[in-house]
Every structure is written in C-alpha cells, then in structure tokens.
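Working notes for the structure below.
Read the figures in this text as sums done on the coordinates, not as results from a lab. Note that the coordinates shown come from a computational prediction; the quantities given were computed from them, not determined experimentally. Neighbour counts run over all protein chains shown; Cβ positions are idealised from the backbone, glycine included.
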Amino acid sequence: MQVNLKPKKFIERIDWLMVALFIVLALIGVLSIYSVEHRDSDISFFIKDKRYVKQALFLGVSLFIGLIIIFMDSKFFTSIPFLGYIIGFLFLLLALTPLGKGVKGSHSWLNLGILTFQPGELMKLFTSLSIAKFLSMQEINFSTIKHRLICAAFAIVPAFIIILQNETGLALVYFSFFLAMYREGLPNIVLIIIFSVMALAIVTLLLPKNILFIVLTVIALIFLYVSRKKLKRNKEVLIIVISIWGFGVLFSQVLVPFAFKHVMQSHHIDRIYSLIGQDVPEDYIKLNKSGDKIKTGTSDYNVRQSKIAIASGGFFGKGFLNGSQTQYNWVPEQGTDFIFCTIGEQFGFLGSLLLIGMYAVFLLRIIHVAERQRSQFSRVYAYCVAGILFFHLVINIGMTIGIAPVIGIPLPLISYGGTSLLTFAVLIFILVRLDADRQMVLR
C-alpha cells in the first residue's frame, strides 16, 4: 500500500466547515433583522434605511476582509499583536475624550468623522492576539505568578477602561480570556476564587451588611476552632484564614457598595436586583440632574416581553414574518440584544434548539481546531476566540429568557451591528488562516 506524503494544497487546508458556519449564522442574522423590520407596505426588499440592508452590506464587507485575511501570510499575525494592542488601547482612551460618542448612556464609541466604531470590540481582537503572542514567547514561564499577572493584565486593563466608558457588558466579555489562560495552565484555585467572589457578590446583595459581617466572622471562627490543632503546628493557616476573612469583609462592606454607588449605572443596578427578585435599596437609588430619584422597577419590561415572545412561539413557531410580538415592536431592541426572542417566536423551541445546536457545533469545531495546532500561538488564539463566542452566546440567550442580567451583549453574528459582525469575522478568519498553517510553529 502506498502512502501519499504529498502536502495538501493551500485551499485544501482551509477549514471550510468553519467558514460555512460563519456564513450561515450571519445570513440567519440578516433574515432575522429583516423579519423584525419587514412591513407589508414595503415596496422593495432593498430599502437603504433598513437595518437588514446595512447588515447585509456589513456581511459583504466581512467576507471580503475574510478573503483578504485567508491569503495573507500567517506570520503577519504574530508580528502585530503588541503594536495593535497599543493602538487599540489608544482608541479606547480617545473614546473618553470629546471624540467619543455617547450612545444610550455609554461613552464607548469613537467618532472619526467618516467612521464611527466601538474600540472595545476591536480591542477584543488585539487582546486575543497579544495573549497568544505573550504565552508563546520562549522566555515566558506561565507557571510563575509574575507572568500570570502580566497575562491577566492584558485582559483586565482594557476592561477597566471600558467600565469607565459605562459599557459594563462589553467589559465583562474580557474575562472570557481567562478560559484560554486556564487551558494553558492557570491553576484550579483561580477558578475557585473567581466563583467564590461571584457567590460572595450575590450574597452581599441578598443580606444586610451587618448580618453578612457576622456570618463571615462566625464562619472564620468555626474554621479556626476546627483547625486549632493544625494552627499549633503551622501558623500559615492562621494567616490564610485571617486574609480570606479580611478580603471577604473588605469586598462585601466596601468594594461592592462602592461599585454600586459610583461605578454602575442605575439601569444596571435595577436589572441585577430584578434578576434576584429584590427591590433596589435606598442607598443605591441614584438621583438625576434635578435631584429626583431615577425611576426603577421598569428594566425587566424587556425581559418580560422577550419571554412572552419566545413562549408564544410554542414548539414549531408561528412561521417566518408571522411573529406578532416582534412584528408590532412589543420587544425593545428586538433586532440587537433581544434578537433571540425573534427567532424563538417565529421558529419555536425547535428552531431555537437548532440555532443553539449550530453554535455548539461552531464552538466544538473551534476547540477541535485549537487542539490540532502545532503552534502554541495558534492554540491560545483559538481558545480566546472560543471564549469570546461562548461568553456572548450564554449571556445573550440567558438575558433574553431572564436567567442573566441584561447587560447589552449581542448574539454573535446575528444581532444587528457592523462593528460586532466585522470583529467576529476578523477573529474567525484569522483563526482559519492560522489553521491552514497548523503544521508550522508560529511565535
């Protein structure tokens, strides 16, 4: 039997399944936006002011850029990460200046005259490349605390700037990069700490501060009593327990109240307390410019209408262009953040399940591609892309069905938005290009 050792042609090395999934999901997005905006009185499909026409144009531009990326030298993407990161970071800072454009309470858009875009979306690309570049450098030892902190800073620093822009939802996406770091050796204790902090944050919202202080103190004292024999032999246990107790008290008594009073917007606070079934405390109710209390208790309207739309779709849905909730604009932002309810109403549980299944196949394909890379740079980058896609997917669908706070995160490739679609297109097509050279060692 003869073995064919002839190298595959470049076109044969392209992962066409990933390209096809991207195109199909993006087309579903265009059709979903069309189903929201279509009216019987429309005289033509191509109406320039319609969002679905703009989204179709963005898709065309995305595919054109993707084609260019595919035929670029893969080594180019290992040479630009840090420079791109600096440029992206400067764009983030410029958004805080008069060049920035305010949209719905945030200041995260940059207006350059002929071009208006969201630097935070672009920065996701440069952060992915920079983390991949950093971890693939020969002198980097990710088992050291120093290099772990530097790598974490690549994600945390832009997230902090984006929070200053009042775009909390987009900032949270940057924590998805820790999934790639975990794949590269971040210890389990880090994930335990992250989930513990999240749990403490929820408990902080549910319990009064004085009671929570007593609870934390009692837990610490009980642990010290149970471990009293170990304390005699090892004083480090005492230091660790006191440190954890001190952080818990500082976090619950100072950091969380500070964030709710001075960092988060009133609608963010309202949505979080609506999610846990609580009224917003008086301390966290903000005042408007006139000194009056900002009205709360209305932010869950979107979620209620979204759930009504999804439920009305039943198992098979009402059919394309037949969604009464979405056709008559009962659901706010139904073409952007809440577009999943449009699909749920028109195509029902079955259609929603098929869409989620497509996303699952897409994610599994990216992970498969990541694991077959010879280059650590390509593998880390692939996991960054998978983390971003997974985070967007889970949070967006979660907020449309009421199990996650409404923080303004679009459904990948489907929600209306040129910057978001172009960013995902570049992220994915760079991965396709790197995968075509998967036998190379890129640094």
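Annotations
- Each part gets one Cα centre, and for region 61-120 versus region 317-389 those centres are 23 Å apart.
- The chain - Rg and Dmax from Cα coordinates, angstrom: 24.1, 85
- Overall form of region 28-87 per C-alpha gyration tensor (a/c, 1.5; a/b vs b/c): prolate
- In terms of other Cβ atoms within 10 Å, 137, 123, 181 run from fewest to most in the order 137, 181, 123.
- Ranked by how many other beta carbons lie within 10 Å on average, peptides 144-153, 15-24 from highest: 15-24, 144-153
- Too-long pairs where the Cα-Cα distance tops 21 Å, listed order kept, from 8/75; 101/124; 209/261; 50/307; 9/75: 50/307
- Most mobile of 115, 212, 57 in a GNM of the chain (Cα contacts under 10 Å): 115
- Potential lengthening between residue 207 and residue 321 on full extension [0.36 nm per residue; Cα-Cα distance subtracted]: 36.4 nm
- For region 163-269: rounded, prolate or oblate by the Cα gyration tensor [a/c cutoff 1.5]: oblate
- Rounded to the nearest 500, the helix-only mean residue ellipticity at 222 nm of the chain stands at -20500 deg cm²/dmol, with each DSSP H run of n ≥ 4 adding -39,500 (n - 2.57).
- A simple spin-label model places the labels of residue 197 and residue 75 4.0 nm from each other, with each point 7 Å out along Cα-to-Cβ.
- Cut-off under 5 Å, modelled amide H: who pairs with residue 116 long-range: none
- 37 °C / 0.692 mPa s Stokes-Einstein diffusion coefficient of region 356-428, Kirkwood radius on C-alpha pairs, µm²/s: 251
- Helices in the chain that qualify as membrane-span-like (whole DSSP H runs, Cα extent of at least 15 Å along the helix axis, mean Kyte-Doolittle hydropathy of -1.0 or higher) are 16-37, 51-70, 81-94, 119-136, 145-164, 188-206, 209-226, 236-250, 301-312, 339-371, 376-400, 418-436.
- The spacing between region 210-229 and region 418-443, judged by their C-alpha centroids, is 50 Å.
- Taking 0.36 nm per residue of separation and subtracting the Cα-Cα distance, full extension of the segment from residue 11 to residue 49 would add 9.9 nm.
- Global geometry of region 193-238, whether rounded, prolate or oblate, following the gyration tensor of its Cα atoms and the 1.5 cut on a/c: oblate
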